[in-house]
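Structure first, commentary second.
The values are calculated or read from the model by the stated rules, or taken from the named source; none is laboratory data. Bear in mind the structure is a predicted one, so any value in this text is a computation, not a measurement. Here the Cβ positions follow ideal geometry from the backbone for every residue, glycine too, while neighbour counts run over all protein chains shown.
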């Protein structure tokens, strides 16, 4: 049961990450490879504040969101002057920079040594150190972020973001401030990415830079694409699929000498098949009929 609860907690983390990335990538069309960096900012902020200054989770999470958003805003002033493929490469560079800071700033992040001893979350005097209580808290944040993003998608601002992703020149021609809308979208996306970062730090109680690499950004982007760009429910289902699939393959009987490599091959083949089904096929697979649901 502990193992199953752990998997569902991971699904919640990746759902939060993919939902937050959907705000910029799905709604606005800003494909970013820097999301794991903002995820890491959230984790390191709460780790430093809780271990060195005694901040509680409830105080550190808004600060983590503000710091992540501030860094994303500064980054966006430069990155958003590029478009399409150039923007993707630019965010890849940002991810590398953020990882390098986490890995080399020994005085702040302790570099490869990481930060141990992150306390568990307390609520009304009760410590949320059991997996079932932490899963409940994670589900609360998943629901909260889904609700906020769903309302954003239905608002006038959300419609502007969708218009930008469809036709940026037309959106600008009807008087919408495209650059400002992109900046807000990218900044808010980074702020929401800090939430799973804070949860992850308190859940694991130890963090190091290896959890926030470009591979993590690619994995989160894969969840968004498989679940459907702009589809918040799809983010949850795709996260469930990609987290549980490797675990399910552990139970496939194969000789020990080839088991590890064969699991990776099978995992890769399944992903290729899923992506080859195309957007319509993915929606049918997850029984999703409406966008932005």
Quiz prompt | When residues of region 231-241 are limited to those that are surrounded by fewer than 24 Cβ atoms within 10 Å (Cβ to Cβ) and in contact with a helix residue (DSSP H, G or I) (Cβ under 6 Å, 6 or more places away or on another chain), the one nearest to residue 153 (Cα to Cα) | solution = 236
Quiz item: Here are some conditions: (1) within 21 Å of the chain's Cα centre (by Cα); (2) at pLDDT 90 or above. Residue 106 meets all but one. Which one does it not meet?
Solution: (1)
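Return a yes/no flag: does region 77-100 have any residue that is farther than 30 Å from residue 181 by Cα, surrounded by fewer than 21 Cβ atoms within 10 Å (Cβ to Cβ) and over 16 Å from the mean Cα position of the chain (by Cα).
Going residue by residue through region 77-100, those that are farther than 30 Å from residue 181 by Cα are none.
No, there is no match, as no residue in region 77-100 is farther than 30 Å from residue 181 by Cα, surrounded by fewer than 21 Cβ atoms within 10 Å (Cβ to Cβ) and over 16 Å from the mean Cα position of the chain (by Cα).
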Practice problem: Take region 22-33 and flag every residue that is part of a helix (DSSP H, G or I) and within 14 Å of residue 94 (Cβ to Cβ). | Solution: 24
Practice problem: Scan (1) at pLDDT 95 or above; (2) over 19 Å from residue 213 (Cα atoms) for the single condition residue 56 breaks and write down its number. | Solution: (1)
Quiz item: Which ranges mark the helices (runs of 4 or more DSSP H) fully within region 213-293 that have 2 or more residues being modelled with pLDDT of 90 or more and farther than 21 Å from residue 38 by Cα?
Solution: 232-249
Quiz prompt | Filtered residue count, region 124-159, keeping only those that are free of Cβ contacts under 8 Å to residues at least 60 places away in the same chain and either in contact with a helix residue (DSSP H, G or I) (Cβ under 7 Å, 6 or more places away or on another chain) or within 23 Å of residue 62 (Cβ to Cβ) (or both) | solution = 16
Quiz item: Do the conditions hold for residue 92, that is, is it over 19 Å from residue 108 (Cα atoms), in a helix (DSSP H, G or I) and touching a helix residue (DSSP H, G or I) at 6+ places or on another chain (Cβ under 7 Å)?
Solution: yes
Quiz prompt | Test: residue 36 is in a helix (DSSP H, G or I) and over 30 Å from residue 166 (Cβ atoms) | solution = no
Quiz item: When only residues in region 200-210 that are assigned to a helix (DSSP H, G or I) and over 12 Å from the mean Cα position of the chain (by Cα) count, which is surrounded by the fewest Cβ atoms within 10 Å (Cβ to Cβ)?
Solution: 210
Exercise. Sort through 61, 41, 48 and tell me the only one that's part of a helix (DSSP H, G or I) and closer than 24 Å to residue 89 by Cβ.
Key: 41
Exercise. Consider residue 184 carefully, then state whether it is more than 14 Å from residue 22 (Cα to Cα) and out of contact with any strand residue (DSSP E or B) (no Cβ under 8 Å at 6 or more places or on another chain).
Key: no
